[in-house]
Amino acid sequence: MKRKVAKVGKLRLSPNEEAMLLKEEYERRRKLRLQQVREQQKYIALQIRQKVKQRREEQLHQLEEALRAEWQKAQDEKMKALEKLYLSSLRAIGEGHRQAKENEPDLEALAKQAE
């Protein structure tokens, strides 16, 4: 009887069962590989999107800096022009007083002539 027990412990699969198990293992590995590839593609796509977003933000920042510098330069030029205009206006006020004094009739001389 010991011989029969020993033989029963060594059961073998039929060729169809063996082929089915191999096919199932192949399909399981195939699905796992597809899943890994999809996850990898998602990760790569995420990295690409992040790089594009970062590049876009850098370009916007550079554009902002360039426009800000250009605007500041224009404001400085306007300020200088207005300062020049203001100073020339202040000088003109003084010149107007001087011209008024120069053109003011000399009352003493007129009084002497009238006498």
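Here are some notes:
- Helical contribution to [θ] at 222 nm, DSSP H n ≥ 4, -39,500 (n - 2.57), averaged over the chain, rounded to 500: -33000 deg cm²/dmol
- Value of Rg to Rh for the chain (Rh from inverse mean 1/r over Cα pairs, i.e. Kirkwood): 1.94
- Residue separation of E95 and L34 scaled by 0.36 nm, minus their Cα-Cα distance, works out to 12.9 nm of gained length.
- The charge dipole of the chain, taken about its Cα centre with unit charges on the Cβ atoms of Lys, Arg (+1), Asp and Glu (-1) only, comes to about 3240 debye.
- Candidates L11, L90, L46: whichever shows maximal mean-square fluctuation once the chain is modelled as a Gaussian network with Cα springs under 10 Å: L11
- Fraction of accessible area attributable to carbon and sulfur, the chain (%, probe 1.4 Å): 56 percent
- Candidates A66, A100, A45, ranked by Gaussian network fluctuation over the chain, Cα under 10 Å, top entry: A100
- Counting only lysines at least 8 places from K10 when in the same chain, those with an alpha carbon closer than 19 Å to its own are K2.
The values are calculated or read from the model by the stated rules, or taken from the named source; none is laboratory data. Not measured: the values here are computed from a predicted model. Cβ atoms come from the backbone with ideal geometry, glycine included; neighbour counts cover every protein chain shown. Quick note on the areas: whole protein, heavy atoms, side chains included, nothing else; ligands and nucleic acids left out. Shrake-Rupley method; radii C 1.70, N 1.55, O 1.52, S 1.80 Å.
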